[in-house]
Amino acid sequence: MGRYLIFFTIILFLGCSRSSNRYLFESSNLKIEKIGEHTYQHISYLNYNGNQVGCNGVFTIFGRDAVIIDSPTNEAATNELLDYINDNFQTNRTRAIPNHFHIDCTGGLRTMLDRGVVIYAYAKTIKLIEDRQLASEIKPFHPYLEMELGLPSDSGIMFNKYFGPAHTEDNIATYILPDSILFGGCMIKSLNAGKGNLADANTSQWSNTVKKMKSDMFGKAKIVVPGHGKSGGIELLDYTIQMFENNNKI
């Protein structure tokens, strides 16, 4: 009887932390899937107008370097993400960068700092974070940050750049090479998505900002990850441009 109890306990545990072929990790707080040779997508959840909304972020691993773009939305999900990285990769330096100041990008930053993660953010983002003690512990960049990652035998480069206002006044984009993955955050919409939260948006400049991104090397990305919803290709940039250029009520 004890043998069967142990077996079912193991199955229950795996059901909480592992999923189907798509996800490497899955719990009630967090999902993780691999989307590039070195890059992974993390999905956590936020209650918005009574609905549980999935919030995307990414992290990339090159050698002993780990960089997380957007924290998960809360402490529990952030701890699970950091535990996953610590348990599965031989990293000794973990850094993080929020895409913009909203909670779906910054909700776990305090937890990250408490666990020794070094955080960088665009200077405008630091000014907009409500928790001023948290903001004071973040390293600023203006308005471009390039990171060389890994070792010569396994190296990568990450570009973080501000193109202009869109979803917020401070939203940046991140481009990871050689994986050719663009994380646009909430500035980029998944196909068939609506306009979403416009409380801090600059809708008159949104299309122009995404056009600047598309004309930059960021526009050569093979995979585009939006802030919410399914990833895709450059068609997500075109969809977002058209949405705000025509002022469509989608």
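Write out, first by first residue and then by second, each pair whose Cβ atoms fall under 9 Å of each other, whose residues are 6+ apart or on separate chains, and whose first residue, in the range 111-130, is farther than 12 Å from Ile97 by Cα and part of a helix (DSSP H, G or I) while the second is of a type in the set (Ser, Thr, Tyr) and at pLDDT 95 or above.
Thr111/Ser71; Thr111/Thr78; Lys124/Tyr162; Lys124/Thr168; Leu128/Thr168
So which residues in the range 40-89 are farther than 21 Å from Met147 by Cβ and hydrophobic (A, V, I, L, M, F, W, C)?
Once the filter is applied, which keeps residues that are farther than 21 Å from Met147 by Cβ and hydrophobic (A, V, I, L, M, F, W, C), the range 40-89 yields Ile43, Leu46, Val53, Cys55, Ala76, Ala77.
Hey, does the range 204-227 have a residue that's part of a loop (DSSP other than H, G, I, E, B), under 22 Å from Cys105 (Cα atoms) and among the charged types (D, E, K, R)?
Scanning the range 204-227, I find no residue that is part of a loop (DSSP other than H, G, I, E, B), under 22 Å from Cys105 (Cα atoms) and among the charged types (D, E, K, R), so the answer is no.
If you take the residues of the range 151-195 that are of a type in the set (Lys, Arg) and within 15 Å of the chain's Cα centre (by Cα), which of them is nearest to Ile119 (Cα to Cα)?
It comes out as Lys161.
In the range 1-103, which strands (runs of 3 or more DSSP E) lie fully inside it and hold 2 or more residues that are among the β-branched types (Val, Ile, Thr) and at pLDDT 90 or above?
Passing ranges, in order: 39-48, 51-62, 65-69, 93-97.
I'd like to verify a number: residues in the range 216-250 that are of a type in the set (Ser, Thr, Tyr) and within 19 Å of Asp179 (Cα to Cα), how many?
1
Between residues in the range 190-205 that are in contact (Cβ under 8 Å) with a residue 12 or more places away in the chain and residues that are of a type in the set (A, V, I, L, M) and outside any loop (DSSP other than H, G, I, E, B), which pairs lie under 7 Å by C-beta distance while being six or more apart or on different chains?
Short answer, once both residue conditions are applied: Ser190/Leu236; Leu191/Leu236; Lys195/Met243.
What are the residues in the range 185-220 that are buried (at least 17 other Cβ atoms within 10 Å of the Cβ), under 23 Å from Gly54 (Cα atoms) and among the aliphatic types (A, V, I, L, M), if any?
Met187, Ile188, Ala193, Ala201, Val210
Of all residues in the range 146-177, how many are assigned to a loop (DSSP other than H, G, I, E, B) and either within 22 Å of Glu130 (Cα to Cα) or modelled with pLDDT under 95 (or both)?
Qualifying residue count for the region: 10.
The values are calculated or read from the model by the stated rules, or taken from the named source; none is laboratory data. As the structure is a computational prediction, the values presented were derived from the model and not from experiment. Because the Cβ atoms are built from the backbone with ideal geometry, glycine has one as well, and the counts that use them run over all protein chains shown.
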